[in-house]
Amino acid sequence: LLRAEAAPKLPLEFDRLSAMVRESGARFVILDPIAAHFNPERRLHDRSALAALMSLARETECAIIGMHHTTKQVRAVKTLSAIEAIGGPQGGLSGAARAVYLYGFDPEDEDRRALACVKLNGMDKAATLLIEHETVELSTGSMLLEAGKLRFVGESNVAAEDVLSRGRGDKGRDAECAEWLTLFLASGSACTRESKEVREEGTSVGFGWMTLQRAAVTLKIEKGKVGFGADGASADVQRTN
């Protein structure tokens, strides 16, 4: 794991990156985000600037994964293709890559994410993979910690463009959920409800778990543990002035 200041600056320091890969015997390299490793960043879309990186992957049989954000044009230009959204109109980065995947919201379920294949050289496009983000609670004595977890759900025929067009939630829906959550917590003893109860009741009235979590962040809901030992339970608490 390299600190930003220690990472090779590409494309000028490809030789240093190559030496690091060969000396360590690395089989998997992640550049996240890949644009942060290119100086200047605009060289990222220059096929010649990427040529050494492609050669390194072939010669060492090392998989090089570049994480890249979609362009800011996505929201403004509704007809932008997935390839253009990922690599820009020049298509240098997406053109050089052997495989391109788009990770985003599942347009059919706000609680799921989708990994859609945009491009796969020499093969038919792979099916879109559906993934759920779960929050698991870890109890360490009197402290309650939350951690993220990914769970594979299955495959889908959802297209990359559909994933691309899915916005980050419906603002009106988020506001509606926040209002419901405020009233639900206020009706509990000392404005406290068990997290399991919040999830069950919220989903029963049509709010997805991710929507409920966004509402909790907006409302600055406190999370903690009520009780001790086996009798304890995780709870969401709304503090009122």
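I want to check the label-to-label distance for residue 27 and residue 157. Put each point 7 Å from Cα in the C-beta direction and report it in nm to one decimal.
Each label point is offset 7 Å from its Cα along the Cβ direction, giving 3.6 nm.
Tell me the net charge near residue 124. Cut-off is 15 Å between Cβ atoms, residue 124 excluded, with +1 for each Lys or Arg and -1 for each Asp or Glu.
+2
Any chance you could look up the accessible area of residue 105 with a 1.4 Å probe, heavy atoms only, rounded to 10 Å²?
Counting only protein heavy atoms, residue 105 exposes about 20 Å² to solvent.
So between residue 48 and residue 12, what do we pick up on full extension, going 0.36 nm a residue minus the alpha carbon distance?
11.8 nm
Please give me the summed charge of the neighbours of residue 98: other residues whose Cβ is under 11 Å from its Cβ, Lys and Arg +1, Asp and Glu -1.
Overall, the nearby charge balance is +2.
Size of the dipole of segment 119-182 about the Cα centre, Lys and Arg at +1 and Asp and Glu at -1 on the beta carbon, nothing else charged, in debye to 20?
About 260 debye.
Accessible area, 1.4 Å probe, largest first: how do 218, 211 sort?
218, 211
The values are calculated or read from the model by the stated rules, or taken from the named source; none is laboratory data. All values reported here derive from a predicted model rather than from experimental measurement. Reconstructed Cβ throughout: ideal geometry from the backbone, glycine too, with neighbour counts over all protein chains shown. SASA here: full protein model, heavy atoms, side chains in, ligands and nucleic acids out. Shrake-Rupley method; radii C 1.70, N 1.55, O 1.52, S 1.80 Å.
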